[in-house]
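The values are calculated or read from the model by the stated rules, or taken from the named source; none is laboratory data. Keep in mind that this is a model prediction, so the values were computed, not measured. Backbone-built Cβ (ideal geometry, glycine too); neighbour counts: all protein chains shown.
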Amino acid sequence: MADVLAKKVQTGNYQTFIYEGGDKASETIIFLHGSGPGVSAKSNWQHILPHLQEKFHVVAPDIFGFANTDHPETYPKNGAEWMKVRVKQVLDLMDNLGVEKAHLVGNSLGGVISLHLLMYAPDRFERVVLMGAGGGLTEPTPELAKLANFHKDPDPVAFKNLLSWFLYDKRILEDELEKIVAERLEVFLRPEVRKSYEENFSKSHLSDMLVPPSALKEMDHSILLIHGHEDRFVPLESSLYVMNHLPNAQLHVFKRCGHWAQVEQKERFIKLTSDFFSGEL
């Protein structure tokens with residue numbers, strides 16, 4: 001990622017690995033990636049950050065429990081504790097970087113974290129994009145169940161299948177898929193990464209992450225929901241549920257698109273988010 005710098009930043013009693021780019025005097029957008037084996041800020045946002053940094057100060061951390069951020073010595077006991085630590089991670093990161101207010105882009109788990117940030121520190125955030133966010137998801141789809149249990153048998157063939165299910169049409173990434181599988185599997189098989197993944201998914205439930213309608217209706221931020229119509233990990237119904245309760249939201253649905261809108265609809269995703277954060281949408 002040209003001109004996007006990788007570094008570690010102190011967040012509480014551990015260090016968070018981030019990518020940072022753009023003019024620090026510009027408005028800040030924080031990008032929060034989703035979950036899944038071997039996921040990272042780079043794997044989620046590497047094709048997006050170089051474009052958005054032309055207008056904005058962009059920051060993309062590896063969420064606590066994933067990739068190159070320091071891993072815990074003592075693990076959170078359940079999903080609610082994992083969420084609390086991750087909310088604090090983002091706020092500590094903003095404090096360290098001197099960012100008083102920021103926009104958010106949250107993909108999947110990152111979208112749920114974004115909603116919790118709006119619930120616990122609403123004054124720190126402005127416009128928000130939620131992409132394939134799971135805030136209204138109560139039961140896992142079969143694909144999500146496979147993702148959550150991947151640590152039990154991290155087989156390369158099963159991993160390629162899992163990643164291909166993120167896409168509506170895997171031919172879009174056919175040439176890159178083997179490389180992505182290899183890179184993410186290498187990250188996942190690092191002992192500390194795999195242990196964090198196992199601790200997180202074996203002791204968490206989707207109910208730990210639900211945001212109550214009573215909280216959603218208090219979020220008067222301008223929110224753009226983006227969802228792939230054929231998303232098999234977080235169904236469109238999750239965004240529709242959230243949309244029903246948010247007072248100032250709009251929903252954009254991509255047909256022929258799965259869980260990775262930023263990959264399958266890259267150019268349209270970049271224009272949509274750029275226009276939204278510029279106040280043109």
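Show the residue pairs meeting these rules: Cβ distance below 8 Å; 6+ apart or different chains; first residue within the stretch 152-176 and in contact (Cβ under 8 Å) with a residue 12 or more places away in the chain; second residue of a type outside the set (A, V, I, L, M) and surrounded by fewer than 15 Cβ atoms within 10 Å (Cβ to Cβ). Cβ pairs passing all conditions: Lys160/Glu178; Tyr168/Arg256; Asp169/Arg256. Taken over the stretch 235-271, residues that are part of a loop (DSSP other than H, G, I, E, B) and either without any contact (Cβ under 8 Å) to a residue 40 or more places away in the chain or in contact with a Ser or Thr (Cβ under 6 Å, 6 or more places away or on another chain) (or both) amount to 5. Residues that are closer than 18 Å to Arg127 by Cα and β-branched (Val, Ile, Thr) within the stretch 41-67 comprise Ile48, Val58, Val59, listed in sequence order. Restricting attention to the stretch 113-124, the residues that are of a type outside the set (Ser, Thr, Tyr), over 20 Å from Val9 (Cα atoms) and either buried (at least 21 other Cβ atoms within 10 Å of the Cβ) or touching a residue at least 24 places away in the same chain (Cβ under 8 Å) (or both) add up to 6. Of all residues in the stretch 105-134, count the ones that are at pLDDT below 90 and under 15 Å from Glu218 (Cα atoms). Looking only at that region, the number is 0. Checking Gly79, Gly110, Gly136 one by one, the residue that is out of contact with any Leu (no Cβ under 7 Å at 6 or more places or on another chain), touching a residue at least 60 places away in the same chain (Cβ under 8 Å) and within 22 Å of Phe188 (Cβ to Cβ) is Gly79 and no other. With the requirement that a residue be within 26 Å of Tyr168 (Cβ to Cβ) and β-branched (Val, Ile, Thr), what does the stretch 190-230 give you? Ile223, Ile226 - these are the residues of the stretch 190-230 that are within 26 Å of Tyr168 (Cβ to Cβ) and β-branched (Val, Ile, Thr).
When residues in the stretch 189-220 are screened for being part of a loop (DSSP other than H, G, I, E, B) and hydroxyl-bearing (Ser, Thr, Tyr), 1 of them pass. Against the definition (in contact with a His (Cβ under 9 Å, 6 or more places away or on another chain), in a helix (DSSP H, G or I) and either touching a residue at least 60 places away in the same chain (Cβ under 8 Å) or surrounded by 18 or more Cβ atoms within 10 Å (Cβ to Cβ) (or both)), how does Val128 come out, yes or no? Spelling it out, it is not the case that Val128 is in contact with a His (Cβ under 9 Å, 6 or more places away or on another chain), in a helix (DSSP H, G or I) and either touching a residue at least 60 places away in the same chain (Cβ under 8 Å) or surrounded by 18 or more Cβ atoms within 10 Å (Cβ to Cβ) (or both).
Yes/no matrix, rows are residues, columns are (1) within 24 Å of Ala102 (Cα to Cα); (2) loosely packed, with under 15 Cβ neighbours inside 10 Å; (3) among the hydroxyl-bearing types (Ser, Thr, Tyr):
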{"site": "Glu186", "(1), (2), (3)": "no, yes, no"}
{"site": "Leu189", "(1), (2), (3)": "no, yes, no"}
{"site": "Pro213", "(1), (2), (3)": "yes, yes, no"}
{"site": "Ser222", "(1), (2), (3)": "yes, no, yes"}
